[in-house]
Amino acid sequence: MAAQILFFVLATVAIFGAFGMLVSRNPVNSALWLILNLFCVAGIYLTLNATFIAVIQVLVYAGAIMVLFLFVIMLLNLAALPDVRRFEWRKGIAYILSMGLLSMLSFVVTSSLDLLPEPQSLQVSAANGTANTLAKSLFVEFALPFEMIGILLLAATVGAVMLSKRKPV
Amino acid sequence: MDITLNWYLYLSAILFTMGVIGFLFRRDVIVMLMSIELMLNAVNITLVALSQAMGNPSGQILVFFVMAVAAAEAAIGLALVIAAFRGKLTIDVTEFNLFKY
């Protein structure tokens with residue numbers, strides 16, 4: 001029973017954090033709400049026994065990426081954007097599109113109830129999420145994609161430095 | 001009542017839709033980038049839930065790669081925001097219309 005309560009609390013706070021990110025006017029508040037959401041998602045990974053991914057989520061997302069976001073927001077010295085009072089018809093289309101997407105996703109999840117895989121036992125899933133299992137898979141089976149993701153990150157770093165240089169080359 | 005796989009899938013659908021709403025509604029480029037991070041997170045929840053339900057660690061390796069791509073995307077996107085802010089002194093996307101006419 002405790003696991004269900006934990007899941008529901010984490011899911012509610014995660015959705016609340018995402019909602020707070022959507023509605024806050026100031027980008028700094030948005031970033032802080034998103035950090036709350038990311039911590040709750042890390043807790044949800046823990047309820048799935050994916051311990052390694054949960055730690056990586058806190059380290060990479062909540063630690064590195066959101067610090068980068070906050071750093072850029074404070075570097076640019078941003079204020080909240082002025083409110084536009086006139087009606088924008090593109091917002092109506094955006095609302096219809098996103099509600100259609102939500103109903104489509106819910107329909108797919110609901111209608112494929114009997115196709116979902118049988119859940120594994122607790123021992124299997126707990127052994128499945130450890131760093132030991134994932135490292136064996138990552139460094140043996142997925143060694144080449146691992147090297148390629150390193151090259152991608154190097155290219156992204158060089159590109160970010162090139163783009164934010166003061167005088168364009 | 002057990003926690004089944006569909007609850008995770010429903011949570012993921014809700015978070016993905018909130019990311020789409022944020023991307024379509026906000027005019028702030030930085031909040032749009034954060035919405036993309038939210039969408040990537042929703043997909044990661046699906047991948048981890050299915051990976052644990054099927055007993056196959058490959059899905060979690062894919063989550064690892066998605067996180068690396070998200071980090072690269074955030075770095076490049078924020079560098080572009082800084083470069084665009086230098087010219088226009090705003091981050092409102094409706095002001096960036098250089099290619100429009």
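The values are calculated or read from the model by the stated rules, or taken from the named source; none is laboratory data. Just so we're clear, the structure is a prediction, and the values are computed from it rather than from any experiment. A quick note on method: Cβ atoms are made from the backbone with ideal geometry, for glycine too, and the neighbour counts reach across all protein chains shown.
Does B:ASP92 satisfy being of a type in the set (Asp, Glu), buried (at least 19 other Cβ atoms within 10 Å of the Cβ) and either farther than 14 Å from A:VAL41 by Cβ or more than 7 Å from chain A (Cβ to nearest Cβ) (or both)?
Details: of a type in the set (Asp, Glu): yes; buried (at least 19 other Cβ atoms within 10 Å of the Cβ): no; either farther than 14 Å from A:VAL41 by Cβ or more than 7 Å from chain A (Cβ to nearest Cβ) (or both): yes.
For B:ASP92, the condition - of a type in the set (Asp, Glu), buried (at least 19 other Cβ atoms within 10 Å of the Cβ) and either farther than 14 Å from A:VAL41 by Cβ or more than 7 Å from chain A (Cβ to nearest Cβ) (or both) - is not met.
Looking at B:ALA42, is it closer than 21 Å to A:ILE151 by Cα and either under 17 Å from the mean Cα position of the chain (by Cα) or more than 7 Å from chain A (Cβ to nearest Cβ) (or both)?
Judged against the criteria, B:ALA42 is not a match.
Does B:GLY77 satisfy the condition of being surrounded by fewer than 17 Cβ atoms within 10 Å (Cβ to Cβ), more than 7 Å from chain A (Cβ to nearest Cβ) and assigned to a helix (DSSP H, G or I)?
no
Taking only pairs six or more apart or across chains, which ones have beta-carbon atoms under 9 Å, a first residue in the stretch B:73-101 that is modelled with pLDDT of 85 or more, and a second residue that is of a type in the set (D, E, K, R)?
From residues that are modelled with pLDDT of 85 or more, the pairs are B:GLU73/B:GLU37; B:ALA74/B:GLU37; B:ALA83/A:LYS165.
Could you tell me whether the stretch A:158-166 includes any residue that is more than 8 Å from every other protein chain (Cβ to nearest Cβ), part of a helix (DSSP H, G or I) and in contact (Cβ under 8 Å) with a residue 24 or more places away in the chain?
Looking for residues that are more than 8 Å from every other protein chain (Cβ to nearest Cβ), part of a helix (DSSP H, G or I) and in contact (Cβ under 8 Å) with a residue 24 or more places away in the chain, one finds none in the stretch A:158-166, hence no.
I'd like the full set of residues that are surrounded by fewer than 22 Cβ atoms within 10 Å (Cβ to Cβ) and out of contact with any Leu (no Cβ under 7 Å at 6 or more places or on another chain), limited to the stretch B:51-63.
B:MET54, B:GLY55, B:ASN56, B:SER58
Looking at (1) touching a residue at least 24 places away in the same chain (Cβ under 8 Å); (2) under 28 Å from A:ALA135 (Cβ atoms), which is the only condition B:LEU33 fails?
Tallying (1) touching a residue at least 24 places away in the same chain (Cβ under 8 Å); (2) under 28 Å from A:ALA135 (Cβ atoms), B:LEU33 fails exactly one: (2).
Please count how many residues of the stretch A:15-29 are surrounded by 15 or more Cβ atoms within 10 Å (Cβ to Cβ) and touching a Phe, Trp or Tyr at 6+ places or on another chain (Cβ under 9 Å).
The total comes to 8.
Can you say whether B:MET54 is within 12 Å of the chain's Cα centre (by Cα), within 7 Å of chain A (Cβ to nearest Cβ) and at pLDDT below 95, as far as the supplied structure shows?
No, not satisfied.
Looking at A:SER24, A:SER30, can you tell me which residue is farther than 13 Å from B:LEU38 by Cα and either touching an Asp or Glu at 6+ places or on another chain (Cβ under 8 Å) or among the small types (Gly, Ala, Ser) (or both)? Outline the logic, then answer.
Details: A:SER30 fails: farther than 13 Å from B:LEU38 by Cα.
Being farther than 13 Å from B:LEU38 by Cα and either touching an Asp or Glu at 6+ places or on another chain (Cβ under 8 Å) or among the small types (Gly, Ala, Ser) (or both) holds for just one of A:SER24, A:SER30, which is A:SER24.
Need a quick list: helices (runs of 4 or more DSSP H) entirely within the stretch A:33-144 having at least 2 residues that are within 9 Å of another protein chain (Cβ to nearest Cβ) and polar (S, T, N, Q).
A:89-111, A:122-128
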